[in-house]
Amino acid sequence: MSDHDYTPTSKVGKWFNDRLPLLTLANHLTDYPTPKNLNYWWTFGGILTFCLITQIVTGLTLAMHYIAHADMAFESVEHIMRDVNYGWLIRYIHANGASMFFLAVYIHIFRSLFYGSYKSPREIIWIIGIIIYLLMMAAAFMGYVLPWGQMSFWGATVITNLFSAIPLVGEGIVTWLWGGYSVDNPTLTRFFTLHYLIPFLILGLVVLHIWALHVPGNNNPVGIDIKKPSKDTVPFHPYIVIKDGFALLMFMIVFAFFVFYSPNILGHADNYIEANPMVTPAHIVPEWYLLPFYAILRSVPDKLLGVVAMLSAILILAVLPWLDTSKIRSAVFRPLYKQFYWILVADVLILGYMGAMPAEGLYLLIARVATAYYFLHFLVILPVLGFKEKTIPVPLSITESVMGGSPNLATARNKESFEKSK
Amino acid sequence: MKNLIKLSYILSFFFLSTASSFSAEKVDYLKTDWSFKGLFGKFDRGSLQRGYQVYTEVCASCHSMKYLSYRNLGEKGGPEFSEAETKAIAASFEVIDGPNADGEMFTRPAKLSDKFVMPYENVKAAQAANGGAYPPDMSVLVKARGGGVDYIYSLLQGYEDAPSGMALDDGVHYNKYMYGNKIKMSAPLSDGLIEYGDGTEATVEQMSKDVTTFLMWAAEPHLEARHQMGFKAILYLIILTVLVYFSMKKIWSRVESEV
């Protein structure tokens with residue numbers, strides 16, 4: 001923002017801005033030059049901001065009525081659903097909001113994978129994003145524990161038990177996490193505390209994420225560096241604001257459909273049974289958005305290695321900018337990567353499906369193959385592809401590709417020489 | 001726009017695949033027309049009132065409903081008994097209150113603000129009276145079972161003689177919709193078991209439907225309000241989306257790019 005010259009017109013504005021340049025910031029945000037060819041996959045950043053704010057606002061309201069105590073949590077949720085004015089609405093928005101948040105974040109991440117948005121000079125934006133994603137999973141997991149239903153309790157037991165796989169100190173760590181010798185009231189109260197804290201950490205990281213984005217500016221579907229501002233860019237306001245707004249409204253329609261007409265379809269029925277340490281549910285399944293990682297965890301026969309595999313599956317994303325050796329960002333110009341990209345999407349969906357199935361027989365076999373492929377993609381295919389792949393020449397500017405010019409530079413040049421020869 | 005269609009295609013694929021994965025052990029439940037399903041779904045008031053009668057005359061001797069209060073029976077969107085009827089229902093139950101000024105507990109007729117009286121003092125007492133099985137609380141039972149209303153409706157009608165070769169312990173019954181087919185609850189309903197106040201014939205099927213409707217309301221007391229608000233909210237969003245779409249087109253027409 002240092003390159004940004006802005007002087008407020010009013011005297012008061014100038015006086016204030018000299019002391020705290022909030023008006024410069026506001027001006028920067030409205031003028032921010034954005035590539036004009038961003039497609040709808042780029043609207044999910046705004047949608048995610050909306051999701052975060054929604055979760056914080058509904059969460060604060062729920063916290064006013066929720067009681068974090070093993071004997072009262074389940075009852076207090078029913079109190080919210082029955083007796084608090086519009087409590088059912090707030091809780092269903094919050095519960096489905098978590099699913100919507102993850103839906104949007106997965107689209108956001110896969111958009112980045114397709115268009116190579118994680119590559120230089122945007123590595124820091126990407127890594128902050130991965131940290132946000134990790135925190136989201138922690139927040140969602142702990143939030144799911146709060147209603148203190150059967151899946152809350154047993155999900156918490158299974159996930160916290162993973163730490164016992166750590167050699168020597170594992171058992172001690174689990175006891176420390178639980179605040180006792182099993183998941184119980186101390187676990188619930190600390191999960192509530194952390195569930196309250198994490199969204200604000202995320203909020204702070206989102207600010208950094210956007211700040212880091214505003215240094216190099218947005219990537220774009222063509223994946224080339226552009227001059228800013230130029231013919232290739234539009235100011236953020238009103239162009240991107242209205243487009244993001246339109247996409248957000250479409251998203252809200254889907255969101256509203258879940259909240260009003262299928263509020264429980266994404267949850268598990270067992271979570272409407274109050275937690276009972278004496279009765280284990282037939283299948284302990286996490287929420288849908290954690291299923292791919294759950295499948296990876298279960299596909300490794302050894303507990304410790306399973307945990308390592310699951311964590312690596314996420315952390316591998318953090319080093320992605322260095323695993324992908326290709327200089328070309330957008331998959332549009334990488335015919336082979338494009339195919340491997342869609343195979344990866346299918347692979348993750350398959351993993352998600354297997355995570356919901358019992359870990360046995362054919363399910364387990366498929367989950368193992370899919371797990372192996374997941375790591376193969378990042379550790380072998382991506383690094384090799386950068387050297388081997390024959391890419392399509394990229395256009396010189398966005399305008400060239402937007403104006404119906406062929407994205408293929410070679411043909412564009414041919415056309416030019418053809419026209420000259422006429 | 002093409003991208004949006006692609007997007008919605010991928011989303012629906014994903015949600016359908018995950019949603020169906022949760023119901024992997026699918027059984028074909030008995031089907032009936034539920035008035036509360038669909039965009040404008042509402043409870044059938046008569047069915048709710050009859051369902052309450054089935055609950056209170058049959059189920060309530062073992063199954064508690066601890067999150068409901070008598071006042072709920074008269075509230076909008078529920079069975080909507082009149083205020084006098086609701087008060088009379090409440091007054092027909094005895095609750096323990098106190099301690100009074102002398103430090104004694106005493107019984108009095110229930111008031112609208114009281115929770116439904118529990119059939120047993122505690123879980124242990126309930127288990128002791130039912131051969132070790134705890135009759136689950138029915139407040140959110142419909143939401144706590146995978147098949148929801150269809151499951152409950154089927155279960156109530158699913159009692160049969162055990163297939164030959166299947167040995168049942170004493171006090172265990174065969175039910176073709178129960179998980180594992182063994183259930184400790186004996187068939188709770190039989191034709192003509194109760195006499196409906198409104199003259200409806202009390203067949204097992206009818207009672208099953210009525211009581212399941214009642215349980216659905218008990219689990220989702222604000223279902224009608226939710227459907228009504230949902231329709232308005234989505235309609236509002238669609239109109240706004242269309243308006244914003246055209247504004248967007250107008251604004252972007254200044255740029256040589258498509259949206």
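If you go through the stretch A:12-49 and keep only what is β-branched (Val, Ile, Thr) and under 15 Å from residue A:211 (Cα atoms), you end up with A:24, A:30, A:34, A:49. Do we find that residue A:256 is facing chain B (nearest Cβ under 9 Å), free of Cβ contacts under 8 Å to residues at least 60 places away in the same chain and part of a loop (DSSP other than H, G, I, E, B) in this structure? When the stated conditions are applied, residue A:256 does not pass them. Taking the criterion of being among the β-branched types (Val, Ile, Thr) and in contact with a Lys or Arg (Cβ under 6 Å, 6 or more places away or on another chain), the only residue of the stretch A:328-382 that qualifies is A:328. Checked against the criterion of being within 11 Å of another protein chain (Cβ to nearest Cβ) and assigned to a helix (DSSP H, G or I), the candidates A:282, A:247 yield just one match: A:247.
Okay, residues lined up against (1) within 14 Å of chain A (Cβ to nearest Cβ); (2) part of a helix (DSSP H, G or I); (3) modelled with pLDDT of 95 or more:
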site	(1), (2), (3)
B:10	yes, yes, no
B:15	yes, yes, no
B:19	yes, yes, no
B:28	no, no, no
B:51	no, yes, yes
B:80	no, no, yes
B:89	no, yes, yes
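When the stretch A:92-141 is limited to residues that are part of a helix (DSSP H, G or I) and of a type in the set (S, T, N, Q), the one that is nearest to residue A:318 (Cα to Cα) turns out to be A:112.
Only one of the numbered conditions (1) under 25 Å from the mean Cα position of the chain (by Cα); (2) within 14 Å of chain B (Cβ to nearest Cβ) is not met by residue A:83, and that is (1). Which number in (1) more than 10 Å from chain A (Cβ to nearest Cβ); (2) under 15 Å from residue A:255 (Cα atoms) marks the one condition that residue B:234 misses? Residue B:234 satisfies every listed condition except (1). The set of residues in the stretch A:216-229 being in contact (Cβ under 8 Å) with a residue 60 or more places away in the chain, touching a Pro at 6+ places or on another chain (Cβ under 9 Å) and either surrounded by fewer than 20 Cβ atoms within 10 Å (Cβ to Cβ) or more than 15 Å from residue A:44 (Cβ to Cβ) (or both) consists of A:216, A:217, A:222, A:224, A:226, A:228, A:229.
Of all residues in the stretch A:291-323, those that are closer than 18 Å to residue A:115 by Cβ and surrounded by 20 or more Cβ atoms within 10 Å (Cβ to Cβ) total 1. Which residue is surrounded by the most Cβ atoms within 10 Å (Cβ to Cβ), if the candidates are limited to the stretch A:341-398 and must be outside any helix (DSSP H, G or I) and free of Cβ contacts under 8 Å to residues at least 12 places away in the same chain? Within the stretch A:341-398, the match that is surrounded by the most Cβ atoms within 10 Å (Cβ to Cβ) is A:357. Looking only at the stretch A:6-14, decide whether some residue is surrounded by fewer than 20 Cβ atoms within 10 Å (Cβ to Cβ) and either of a type in the set (A, V, I, L, M, F, W, C) or under 21 Å from residue A:271 (Cα atoms) (or both). The answer is yes; a qualifying residue exists.
Could you list all residues from the stretch A:219-239 that are touching a helix residue (DSSP H, G or I) at 6+ places or on another chain (Cβ under 7 Å), of a type outside the set (A, V, I, L, M) and not in a helix (DSSP H, G or I)? Answer for the stretch A:219-239, where residues must be touching a helix residue (DSSP H, G or I) at 6+ places or on another chain (Cβ under 7 Å), of a type outside the set (A, V, I, L, M) and not in a helix (DSSP H, G or I): A:219, A:220, A:221, A:223, A:231, A:232, A:235. Using the structure shown, decide if residue B:221 is more than 14 Å from every other protein chain (Cβ to nearest Cβ) and of a type outside the set (A, V, I, L, M, F, W, C). For residue B:221, the condition - more than 14 Å from every other protein chain (Cβ to nearest Cβ) and of a type outside the set (A, V, I, L, M, F, W, C) - is not met. Tallying residues that are touching a His at 6+ places or on another chain (Cβ under 8 Å) and either of a type outside the set (Ser, Thr, Tyr) or without any contact (Cβ under 8 Å) to a residue 24 or more places away in the chain (or both) within the stretch A:7-40 yields 5. Residues in the stretch A:285-318 that are part of a loop (DSSP other than H, G, I, E, B) and within 14 Å of chain B (Cβ to nearest Cβ) were compared, and the one that is nearest to the chain's Cα centre (by Cα) is A:287.
Return yes or no: is residue A:197 part of a helix (DSSP H, G or I), out of contact with any helix residue (DSSP H, G or I) (no Cβ under 8 Å at 6 or more places or on another chain) and at pLDDT 95 or above? Judged against the criteria, residue A:197 is a match. Checking each residue in the stretch B:119-171 for being surrounded by fewer than 15 Cβ atoms within 10 Å (Cβ to Cβ), within 12 Å of chain A (Cβ to nearest Cβ) and either over 23 Å from the mean Cα position of the chain (by Cα) or under 25 Å from residue B:205 (Cα atoms) (or both) picks out only B:127. Scoring residue B:240 on the criteria (1) of a type in the set (A, V, I, L, M); (2) in contact with a strand residue (DSSP E or B) (Cβ under 6 Å, 6 or more places away or on another chain); (3) within 8 Å of another protein chain (Cβ to nearest Cβ) leaves a single failure, condition (2). Only one entry in A:244, A:232 is surrounded by 22 or more Cβ atoms within 10 Å (Cβ to Cβ) and either small (Gly, Ala, Ser) or under 24 Å from residue A:93 (Cβ atoms) (or both), namely A:244. With respect to (1) within 14 Å of chain A (Cβ to nearest Cβ); (2) under 25 Å from residue A:77 (Cβ atoms), the lone exception for residue B:212 is condition (1). Scanning the stretch B:54-76 for residues that are assigned to a loop (DSSP other than H, G, I, E, B) and not aromatic (Phe, Trp, Tyr) returns B:58, B:62, B:63, B:64, B:65, B:66, B:68, B:75, B:76.
Of everything listed in (1) within 12 Å of chain B (Cβ to nearest Cβ); (2) in a loop (DSSP other than H, G, I, E, B); (3) polar (S, T, N, Q), the single unmet condition for residue A:271 is (2).
The values are calculated or read from the model by the stated rules, or taken from the named source; none is laboratory data. A quick note: this is a predicted structure, and the numbers were derived from the prediction, not measured. Here the Cβ is made from the backbone with ideal geometry for all residues, glycine too, and neighbour counts use every protein chain on show.
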